[in-house]
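Below you'll find the structure, written out as structure tokens, and then a few comments.
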Amino acid sequence: MSSDTREKPDAKYRHDEDGGPDPEEHGGHGRGGMGEEVKRKEDRRFITGRGNYVDDVKKDGMLHCEVVRSPHAHAEVKNIKTERAEAMDGVVAVLTAEDLEAYDLATMPTLMDDTQEVLVKDKVKFQSQEVAAVIAEDRYLAKDGAEKVQVNYDSREPVVDAETAKREDAPVVREDIDQESNHIFTWETGDEAATREAFEAADVTVEEDMYYQRLHPAPIETCGCVADWDQDNEKMTVHMTSQAPHAHRTLFSMVSGIPEHKVRIVSPDVGGGFGNKVPIYPGYVIAAAASYVLEQPVKWVEERSENIQTTSFARDYDMTGRIAATEDGEITAVDVDVLANHGAYNAAAQPSKFPAGFFKIFTGSYDIDAAHGELEAYYTNTAPGGIAYRCSFRVTEAVYLIERMVKVLAQELDMDPAEVRRKNFIPEDAFPYESATGWTYDSGDYHRALDKALESTNYHDLREEQQRRIEKDDDKLLGIGLSTFTEIVGAGPGKQCDIAGVEMFDSAEIRLHPTGKATVRIGVQTQGQGHETTFAQIVAEELGLDVDDVQVEHGDTDTEPYGLGTYASRSTPVGGAATAVAARKVREKAKSIAANELEVAEEDVVWDRESGQFHVQGVPEQSLSIADIAGASYMNSPPDQEPGLEAVDYYDPPNMTFPFGAYVCVVEVDRETGEVDIRKFYALDDCGNRINPMVVEGQIHGGLAQGIGTAMMEHVSYDDNGNVTAGDFMNYLLPTAMEIPEMETDYTVTPSPHHPIGAKGVGESPTVGSPPAIVNAVVDAMEHAGVSHVDMPMTPDRVWGKLEEAGLAKDPAEDLELDIDGEEAAGD
Amino acid sequence: MKAAQFEHHEPTTVEEAVSLIESLDEPTILAGGQSLVPMMRFRLARPETVVDLNGIDELDYLQEADGYLKLGALARHADVEESSLIDRQYGSFADTAPLVADPQIRNRGTVVGSIAQSDPKGDWGTVLLAHEGEVVAHGPGGERTIPADEFFLLPYDNTLAEDELITEVRVPTSGDDEGSAYHKLKRKVGDYAMAGSAARVVLDGGRITDATVALTAVDITNVSVPDAADHLEGERPSGDLFKQAGELAAEHANPESDEHGSAEYKRNMVRVLTQRALADATERASNDGPAARYGTDQMAVGD
Ligand SMILES: Cc1cc2nc3c(=O)[nH]c(=O)nc-3n(C[C@H](O)[C@H](O)[C@H](O)COP(=O)(O)OP(=O)(O)OC[C@H]3O[C@@H](n4cnc5c(N)ncnc54)[C@H](O)[C@@H]3O)c2cc1C
């Protein structure tokens, strides 16, 4: 996977001459450098309610768009009558596919090269799909108008799940692209023969079916935009909820035919993305088309249910895992089959060249010689998507699979799951490690992480408590779940990942001003991750500046350098690398200016990271800060240097980074109701060098909450007719503060050897790593009675079903002790 | 979430409200708005006129009088939660209030509105049934009272006439030997019940002289379980007795499968929750045991 062969000119900046930052050792330079817990610059406006989200954008003459959606999952559109809506006061226009066809906008490409209708003309393929749009003077009138659009449907039998879609007699979802079945693709990885051999030779084999349910990223801010066509300047400005503004600009230009320099995408404050805001949705196109035609700004903002029911979902992988092992627990092979439901279009938000994304990381943290995986993907009459949700392109499914399977193996062998893990970990001295499915893991120290986790949680005491409760026939069973996952984040490399052909690099531009302050423009884009602070810290670290003197700008394609966006924990691995490299380029030029100012040869000037100054070799008193040099660059530029001090870098990473973690989850299972109480969640994360430990911790807290939601509550479910039965927050349950247990975060530091500042991504680690820890814990609580799996979400119903089956369920009255006054002697 | 247009009226007396309701064409009453407003925003309800009770100060009370615990139409869930009247003897009220929705909704939503909404998943109807309470209605013909067990008809439907409003719900005051409790199973804080069970017992000389069991979310309305009550009355409280009562309640329940749980699970939980509610109610009636001390499970947290 490594593209070390593609040494770009900026590769020389990856390793700084002074060895680069070492935040664990030095903890920054005291002015907001790396490793310092700088308070987030963006929080002031958020906490005081002054964030600026798309729905806050108001423009003169702005119209509002309401989308008319199909109540059916699978139906032919016979006709659409718009007259009654058009006749209403305040309704400005009603758009249908025919109107869009006139501008060649009736369809749009998906990120997987499929074609999706912007407005449906012939056949609706999932419930709530877009059929018409009403543009009106305010949002209530638009809604009133939408109610008056009459659409006649001829409903067809829907196919809702992949298992049914697979059948030969299943209704075909995609006649529009001449599909004769619902099959999209088959994907295979690894060595089938070697894996088969290992299974045949194995002492022990285990197998488990598990369904990683359909989830929704459910950002609190739904998707939306304000499109504004400026006829005088022939320019389209779109304020939109975008995780990838530049990629969206390119796609917008390609779809609309408006030249790219005449398209401006502004992504203001974004209220959570989690992958949901990577794709383009019909609503954006409709609003832009309406603005173009009407020459007025048009706002479209989804309602909650529209967001959950129609925009990019995550997971929906039906998996079977198998492990072959020796009798003392050494894993010799892993084999996986997957049935994937991609919905009505192949629209997964995944830019890798692999159809199943990074799923082939399913060998996890373990040194397994033989591996094989096979996947079949199907169209169904459900909303399109897949991938999204704080996940590096299916790593979440892969981690769930292997972390569950290791537990299944431990159970079969009657071994402690920690022991099985230890036995199979990739040893520390094996890095960089080539996995059986073709990845090159950059660095790791899994034993250290697990040892620390077990010690910190008093693992042995917990095991004793568990036994005690079993022996005492306690009402509540104790379960301890482990997850020792390896993540894969930081896409590119550009040759393996692209969006619409654009390679997945990322960028930064640093400009020093005469007074020594810096403006940094980045290609990645924050949706809450804290870039305005952490990217400023990278620059502060590399240039010795005070973090307050560094302003980070992002999210406006007119001013920022081209970037591929923020998702899949790629900002720090790629954009952060670009920022560090750009800073080092600035420092290189600064050095020659310093030599000029100090009147010594450039070789005699040295950079001191700690003080953030250049000084003459051996004469620390003769020093200059970057701020001094910035002034000199404008006011006293050397004869052989252009004035000014700035640099830009477009960074194509040589490899992904591989963060990892050791999680311990402790649960109590109520034998009367099946309710699961997560008593404690301990999360040790190793994301290499940490830029800002507080921000890292915040990312982990949020991700654990989402992992708990995944394990316990969330599921976008459908009935047999393709109706979304969990399309709002009364039925699609998100955890609140009340459902979140005590969380303890911890860390080890194993820097990435190829990253300029030794950092790895962290945002998605907790969402990826925690669900298997929680499921393992719940299974662990019931394991003594033979329970080996519970599917997510682990509703009380499901858990109680397992308790009942295993003979563990209990009635409260069984141990009831009442002490009633006036009670007569026993035996009465 | 964009409501259709409607007209808003805000009377300040019950009399004015009654005459408005009589004169307007199909008016809808607005109390806390915690059920009505979401329905309007989903356009599941689209009233042309809304009569808002929030300006009628005379309906804002929670008091013991004339042998009843009385809740006026503007008594909010939070008022019950905070009332000093609600203690050991109204244990089921104390249990229920903090389990209804979330704090924001409890600050606005009313107990009477919940009864009027007649959602089988609502909690207060069950409590009202368990206490054999009644609904006080006002219409053009004056005042009438409707016993709780004659009030609920279907989901979101009750015996209130089109031109009536509820001014009060009330339950007989609780004696010292009475105890009640409510147990509710939900998947997260703020949620409606997957299943709920309220129990009330009166003890005399170690025997149960009067009992009721009522259920939430397992039938087309909140329902009481007379079989369980009959089985309990005259008996000495015991684990076995409560187990049997729980089984009778489970048999009586008629739950449906949904997103949150299967019918089978809910039926089993009716058994479990009824046992728990009976155990707590008994502790309260005998003024002995943890349930008696705290009045509510929730209050015990952080104690
Ligand atoms: C997210 C959420 C969670 C919830 N969770 C729960 C829960 O766990 N348990 C639970 O029990 N409830 C729950 N509720 C409902 C909540 O308790 C409501 O407050 C209650 O059902 C209605 O009371 P209200 O005062 O808000 O009535 P409104 O919404 O104002 O009115 C509800 C209905 O009753 C009618 N009405 C109101 N007052 C009168 C009156 N005096 N006379 C005649 N008709 C009247 C109205 O016309 C309307 O039809 C929840 C609601 C939400 C939004």
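The values are calculated or read from the model by the stated rules, or taken from the named source; none is laboratory data. Since the structure is predicted, the reported quantities are computational estimates derived from the model, not experimental observations. Note: ideal-geometry Cβ built from the backbone for every residue, glycine included; neighbour counts use all protein chains shown. Just so you know, the surface numbers come from the protein's heavy atoms only, side chains and all, with ligands and any DNA or RNA stripped out. Shrake-Rupley method; radii C 1.70, N 1.55, O 1.52, S 1.80 Å.
Across peptide A:135-145, the average count of Cβ atoms from other chains found within 10 Å of a residue's Cβ is 2.
Calculation over all alpha carbon pairs of the stretch A:433-495 in 10 angstrom steps from 0 returns a P(r) of 16, 32, 23, 17, 10, 2 percent.
Altogether, the Stokes-Einstein calculation at 25 °C and 0.890 mPa s, with the Kirkwood radius of the stretch B:7-53 over Cα pairs as Rh, returns a diffusion coefficient of 226 µm²/s. With K and R counted +1 and D and E -1, the other residues having a Cβ less than 10 Å from that of A:Y747 yield a net charge of -3.
Hydrodynamic analysis of the stretch B:122-163 uses the Kirkwood radius over alpha carbon pairs. Inserted into Stokes-Einstein at 10 °C and 1.306 mPa s, it gives a translational diffusion coefficient of 145 µm²/s. Residue-wise HN-Hα couplings along the stretch B:218-234, as the Karplus relation 6.51 cos²θ - 1.76 cosθ + 1.60 with θ = phi - 60° gives them from phi, are 10, 7, 6, 9, 5, 10, 9, 10, x, 4, 5, 4, 4, 5, 7, 5, x Hz; Gly and Pro carry x. A Förster radius of 35 Å combined with the Cβ-Cβ distance from A:A806 to A:E455 puts the calculated FRET efficiency at roughly 0.65. Shielding value for B:183-190 is 5, the average number of Cβ atoms from other chains within 10 Å of each residue's Cβ. Computed from backbone phi with θ = phi - 60° and the Karplus coefficients 6.51, -1.76 and 1.60, the 3J(HN,Hα) list for the stretch A:304-310 is 3, 5, 4, 5, 5, 7, 10 Hz; x is used for glycine and proline. Between B:D66 and A:T320, the distance separating the two model label sites (each 7 Å from Cα on the Cα→Cβ line) works out to 7.1 nm. Positive-end ranking of A:A218, A:H789, A:L734 along the dipole of chain A, with charges on Cβ about the Cα centre, is headed by A:A218. Taking every protein chain into account, the accessible area of the stretch B:7-53 amounts to 54 square angstrom per residue (probe 1.4 Å).
When peptides A:772-779, B:229-236, A:501-508, B:22-29 are ranked by their average number of other Cβ atoms within 10 Å per residue, the highest-first order is A:772-779, A:501-508, B:229-236, B:22-29.
Please work out whether the stretch A:489-559 counts as rounded, prolate or oblate from its C-alpha gyration tensor, where a ≥ b ≥ c are the square roots of the eigenvalues and a/c under 1.5 means rounded, while otherwise a/b larger than b/c means prolate and anything else oblate? Judged from the Cα gyration tensor, the stretch A:489-559 comes out prolate (a/c at least 1.5, a/b above b/c).
Here is the size of the stretch B:179-294 from its Cα atoms: Rg then Dmax, 13.7, 45 Å.
Pop the C-beta distance of A:E295 and B:F42 into the FRET formula with R0 = 30 Å and round what comes out to the nearest 0.05. Efficiency, from the Cβ-Cβ distance: 0.35.
Per residue of the protein assembly as shown, the DSSP helices (runs of n ≥ 4 H) give a summed -39500 (n - 2.57) that works out to -8500 deg cm²/dmol at 222 nm. The long axis of helix B:14-23 is offset from the longest Cα principal axis of chain B by roughly 60 degrees. So if we plug the beta-carbon distance of A:R468 and A:A201 into 1/(1 + (r/R0)^6) with R0 = 51 Å, what FRET efficiency do we get, rounded to 0.05? It comes to 0.80. Paramagnetic label reach from A:S637 (point 7 Å along Cα→Cβ; backbone nitrogen cut-off under 17 Å): within the stretch A:511-541, residues A:511-516. The convex hull drawn around the Cα atoms of chain A, when projected onto a plane and averaged over every direction, covers 42.7 nm². Given +1 at the Cβ of Lys and Arg, -1 at the Cβ of Asp and Glu and no other charges, the dipole of the stretch A:421-549 around its Cα centre is 300 debye to the nearest 20. When peptides A:137-150, A:529-542, B:197-210 are sorted by average Cβ neighbour count within 10 Å, with the highest value leading, the order is A:529-542, B:197-210, A:137-150. Residue by residue, the stretch A:701-713 carries 3J(HN,Hα) couplings of 4, x, x, 5, 4, 5, x, 5, x, 4, 5, 9, 10 Hz when phi is fed to the Karplus relation 6.51 cos²θ - 1.76 cosθ + 1.60 (θ = phi - 60°); x denotes Gly or Pro. Taking Cβ atoms as reference points and 12 Å as the exclusive limit, the residues near A:E455 contribute a net charge of -1, counting Lys and Arg as +1 and Asp and Glu as -1. The mean sequence separation of alpha-carbon pairs under 8 Å and at least six residues apart, normalised by the residue count of the stretch B:7-53, gives a relative contact order of 58 percent. Summarising the label geometry, the points placed 7 Å from Cα in the beta-carbon direction at A:E434 and A:E599 lie 5.8 nm from one another. At full extension, B:E15 and B:V189 could sit 58.8 nm farther apart than now, given 0.36 nm per residue minus the alpha carbon distance. Counting only other chain Cβ atoms within 10 Å of each residue's Cβ, the peptide A:792-805 averages 3. Between amide H atoms placed 1.01 Å from N, distances below 5 Å from A:Q296 occur with A:W229, all of them 5 or more places distant or on a separate chain. Site pair A:S592 and B:E26 shows an inter-label distance of 8.1 nm when each label is modelled 7 Å from Cα along Cα→Cβ.
Once the chain from A:D677 to A:H784 is taken as fully extended at 0.36 nm per residue, the excess over their C-alpha distance is 36.6 nm. Descending by average beta-carbon neighbour count within 10 Å, the peptides A:179-191, A:268-280, B:167-179 line up as A:268-280, B:167-179, A:179-191, the highest first. Residues whose amide H lies under 5 Å from that of A:L645, counting only those 5 or more places away or on a different chain, are A:L512; hydrogens are built 1.01 Å from N in the peptide plane.
With only the Cα atoms considered, the stretch A:16-129 has a convex hull volume of 286 Å³ per residue. Per q in 0.10, 0.13 1/Å, what log10 I(q)/I(0) does a Debye calculation on the alpha-carbon atoms of chain B return? Summing over Cα pairs of chain B leads to -0.52, -0.87. If you run the Gaussian network model on chain B, springs between alpha carbon atoms under 10 Å, then out of B:D123, B:D102, B:D79 the most flexible one is B:D102. When chain B is treated as a Gaussian network with alpha carbon springs shorter than 10 Å, the biggest mean-square fluctuation among B:E259, B:E283, B:E164 belongs to B:E259.
Largest mean-square fluctuation among B:L85, B:L278, B:L128, in a Gaussian network model of chain B whose springs join Cα atoms under 10 Å apart, belongs to B:L85.
Note: the stretch B:84-152, Cα convex hull, 112 Å³ per residue. Selection among A:I47, A:P561, A:M319 by position relative to the dipole of chain A gives A:P561 as farthest towards the positive end (Cβ unit charges, Cα centre).
Multiplying the residue separation of A:K78 and A:E188 by 0.36 nm and subtracting their alpha-carbon distance yields 35.5 nm.
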